[in-house]
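Read the structure below first, then the notes.
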Amino acid sequence: MQVKIRNIKQLGAVSKLVRQSQSLDQETAGLLSGNGLTFMSQFENGKETVEIGRVLTLLEQLGIELEINLPPNLPEKTIDKLKALHNMDVG
């Protein structure tokens, strides 16, 4: 299922719903992803300044894959560079 995210509050809310569906409390999910209870609470409540690396680790732990949509009509040179970054799947 795809969900369009426009801000950190929405991303935190989605993460919370997925966490709860897996019967995980904030403390357990935090421990499993190397984060603490304070971080979990701040993220799920939409704190704008949470660290993106920690968010990505948590999302991965919850099984949430994050994708971005790039602007259309990028130059071929840019697309080639994107593909070269860690062998990204660019389509």
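Of the peptides 21-32, 45-56, the ranking by mean beta-carbon count within 10 Å, highest at the top, reads 21-32, 45-56. The ranking of ARG6, ARG19 by Cβ neighbour count inside 10 Å, starting from the fewest, reads ARG6, ARG19. Of LYS4/LYS77; LYS47/LYS77; LYS47/LYS81, which ones are farther than 31 Å apart at the Cα? Going by Cα-Cα distance, LYS47/LYS77; LYS47/LYS81 fall outside the 31 Å limit.
In the chain, the DSSP-assigned H stretches of four residues or longer account for a calculated mean residue ellipticity at 222 nm of -15500 deg cm²/dmol, using -39500 (n - 2.57) per stretch and the full residue count as denominator.
Where a number appears in this text, it was derived from the coordinates with a stated rule and is not lab data. These numbers were taken from a predicted model, which means no experiment stands behind them. Here Cβ is always computed from backbone atoms with ideal geometry, including for glycine, and neighbour counts include all displayed protein chains.
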